[in-house]
Amino acid sequence: NPVNSIISIDLNLIEIGNTEVSIYNLLGENVKTVFSKDITETGSISFNADLSDLSNGQYIVIFTTPTYTKRQNI
């Protein structure tokens, strides 16, 4: 099972604006948004995301800000 029930996410926010961390399946479907906030201050934040409601499999975490997108497989 490539996905643990709880994942730890550490973000270093370098710009203000709408920031989102979402989980997608391999078909490109958004299966869960674990963080969505209008950021007003830069800096580091950490949080845990509960993925126990997702079935076994591989997923893609997509982190988006107003000018940046990063993808990572889990």
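Based on protein heavy atoms only, the chain ends up with 66 Å² per residue of surface accessible to a 1.4 Å probe.
So, counting K/R as plus one and D/E as minus one, what does the shell of residues with Cβ under 10 Å around Y24 add up to?
+1
Measuring nothing but protein heavy atoms, the accessible surface of the chain at 1.4 Å probe radius is 45 percent carbon and sulfur. Value of Rg to Rh for the chain, rounded to two decimals, is 0.97; Kirkwood radius and Rg both from alpha-carbon coordinates.
The values are calculated or read from the model by the stated rules, or taken from the named source; none is laboratory data. Being a predicted model, the structure only gives us computed values, none of them experimental. Cβ sites come from the backbone with ideal geometry, for glycine too, and all protein chains shown count toward neighbours. Keep in mind that these areas ignore ligands, DNA and RNA; they rest on the heavy atoms of the full protein, side chains included. Shrake-Rupley method; radii C 1.70, N 1.55, O 1.52, S 1.80 Å.
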